[in-house]
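Just so it is clear, none of the values below were taken in a lab; they were calculated from the coordinates. Everything numeric here is computed off the predicted structure, so don't read it as measured data. Glycine also receives a Cβ, built like all others from the backbone with ideal geometry; neighbour counts cover every protein chain displayed.
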Amino acid sequence: MAKVSINIKDIKHYIGRNIGASRWAEITQSRVNKFAEATGDFQWVHVDQEQARTDLPSGQTIVHNFLLLSLVPQLFDQIVEFTGLRYGQNTGAENLHFMEPLPTGSRVRLQVKLLKLENSDHNSQTATFHIIMEREGSDNPILTLDQQLLLVAAKRVNLRDILANQHQAVAL
């Protein structure tokens, strides 16, 4: 799927629209184990494949929910790129739900829809995106959330200001 390029001055045209989907990403046992090491969460349902074979309904370990959440920025960046932006900042999430356990070895992707925009000031706005993480081969979402991003427009450069200060580095 091609990445959608949105100039932030035109973002209002995307309200209520599905923007796109990421590529599928496999969540391997190796990745789950690395996440366990990084977070100290070694609960057996995530890392003990032997016990999972006998004690979990799927017979497989399950992915940490917070590992799934941590994939959102990476997968989101595969879907949309903003132009006319000085920077974007994650300011929060609402309505976060982990819908069902995800067996390790599954493939997931994101679907993104722009829900609303709120002006923060004359140079920035907060965009709320509805995010659905889906599992390949399933109609049920794995994770849903409404993520808020502060989008700060690139500052317009006045050429007179550049000429007045010859030592100022500027990308035009």
*Only residues that are within 15 Å of ASP139 (Cα to Cα), among the charged types (D, E, K, R) and not in a loop (DSSP other than H, G, I, E, B): list them for the range 99-126, please.*
ARG107, ARG109
_Members of the range 1-27 that are assigned to a loop (DSSP other than H, G, I, E, B) and either surrounded by fewer than 13 Cβ atoms within 10 Å (Cβ to Cβ) or out of contact with any Ser or Thr (no Cβ under 8 Å at 6 or more places or on another chain) (or both)_ = MET1, ALA2, LYS3, GLY16, ARG17, SER22, ARG23, TRP24
*Somewhere in the range 77-89, is a residue buried (at least 16 other Cβ atoms within 10 Å of the Cβ) and in contact with a Phe, Trp or Tyr (Cβ under 9 Å, 6 or more places away or on another chain)?*
yes
*Hey, among LYS34, LYS9, LYS3, which residue is of a type in the set (Lys, Arg), within 24 Å of SER106 (Cα to Cα) and in contact (Cβ under 8 Å) with a residue 60 or more places away in the chain?*
LYS3
*Determine which member of the set LEU56, LEU67 is under 13 Å from the mean Cα position of the chain (by Cα), surrounded by 13 or more Cβ atoms within 10 Å (Cβ to Cβ) and of a type outside the set (Phe, Trp, Tyr).*
LEU67
